[in-house]
1. Is it true that residue 70 is open to solvent by 50 Å² or more (accessible area, probe 1.4 Å) and on the phi < 0 side of the Ramachandran plot?
2. Return the total of residues in the range 159-176 being within 17 Å of the chain's Cα centre (by Cα) and either modelled with pLDDT under 90 or farther than 23 Å from residue 90 by Cα (or both).
3. Can you tell me which condition residue 64 does not meet? The list is (1) open to solvent by less than 50 Å² (accessible area, probe 1.4 Å); (2) among the β-branched types (Val, Ile, Thr); (3) closer than 20 Å to residue 147 by Cβ, and all the others hold.
4. Only residues that are open to solvent by 60 Å² or more (accessible area, probe 1.4 Å), touching an Asp or Glu at 6+ places or on another chain (Cβ under 8 Å) and in a helix (DSSP H, G or I): list them for the range 166-185, please.
5. Give just the number: which of (1) touching a Leu at 6+ places or on another chain (Cβ under 9 Å); (2) assigned to a helix (DSSP H, G or I) does residue 58 not satisfy?
6. In the range 8-47, how many are assigned to a helix (DSSP H, G or I), surrounded by 14 or more Cβ atoms within 10 Å (Cβ to Cβ) and touching a Leu at 6+ places or on another chain (Cβ under 7 Å)?
7. Taking residue 51 as the residue in question, decide whether it is open to solvent by 80 Å² or more (accessible area, probe 1.4 Å), of a type in the set (A, V, I, L, M, F, W, C) and at pLDDT 95 or above.
8. Give me the residue from the range 77-96 that is open to solvent by less than 40 Å² (accessible area, probe 1.4 Å) and part of a loop (DSSP other than H, G, I, E, B) and, out of that set, nearest to residue 4 (Cα to Cα).
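The values are calculated or read from the model by the stated rules, or taken from the named source; none is laboratory data. What you see is a predicted model, and the numbers here were worked out from it, not measured in a lab. With ideal geometry, Cβ positions are generated from the backbone for all residues, glycine too; neighbour counts draw on all protein chains shown. Heads up: the accessible areas ignore ligands, DNA and RNA and are worked out on the full protein's heavy atoms, side chains in. Shrake-Rupley method; radii C 1.70, N 1.55, O 1.52, S 1.80 Å.
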Amino acid sequence: MIYINPDIDKFDLQEALETVSPQRRAQALRYRHERDQRLCIAAYKLLQQALHKEYGIDELPQFIYNQQGKPLLEGHPEIHFSMSHCRMAAAVAVSSQPVGMDIETMDHYSEEVARRVMNEDEMRQILSSPHPAKEFTRLWTMKESLYKLTGDDHGGDIAHMLDNAPAYQFTTFDYPDYLLTTCQELHADSLDL
């Protein structure tokens with residue numbers, strides 16, 4: 001299931017900081033800018049909401065981290081999640097199968113940057129699209145969601161991260177100002193987003 005909060009400015013940050021785990025509060029306060037603190041807290045609050053609604057879990061989520069640095073829910077190895085945020089929204093995906101998810105705004109497209117992070121086929125897709133910024137963002141969120149699922153950056157070769165993409169299922173959700181993409185392995189018994 002996917003949970004999104006596009007109203008990042010509509011909650012009391014100081015009050016919200018008191019309702020999250022000390023671990024998450026410390027992480028949020030490491031950000032210098034209030035906007036980043038809000039996004040960090042909003043993503044955590046979405047995870048709390050998802051865990052309550054989908055699994056009946058009311059305790060504050062605590063994270064442990066695997067070798068690639070991916071956060072896992074302490075005490076709940078059966079629940080998989082991925083958190084992401086962009087300038088305009090925070091999002092969380094929760095699943096009984098491993099999942100990666102990324103959300104990005106569509107307002108920062110640069111062909112020069114695209115050529116550094118996309119392979120030739122992807123560049124053809126972007127340049128032939130009636131909406132290059134949207135196509136770039138779609139491909140970028142696919143790469144990020146795959147990375148969040150696997151923890152493998154292909155040795156830093158971002159341009160070729162999707163070369164083995166047929167082994168994964170990507171689902172992209174199109175919103176007016178941002179795109180969100182989830183990634184799960186195709187061979188998973190049941191994809192449940």
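1. No; evaluated as a whole, the condition is false for this residue.
2. Residues that pass the stated criteria total 3.
3. The one condition residue 64 does not meet is (1).
4. Restricting attention to the range 166-185, the residues satisfying the condition of being open to solvent by 60 Å² or more (accessible area, probe 1.4 Å) are 166, 169, 173-177, 185.
Those still in the list that are touching an Asp or Glu at 6+ places or on another chain (Cβ under 8 Å) too: 169, 177.
Hits for the range 166-185: nothing passes.
5. Failed condition: (2).
6. 5
7. Here the answer is no, as residue 51 does not meet what is asked.
8. 89
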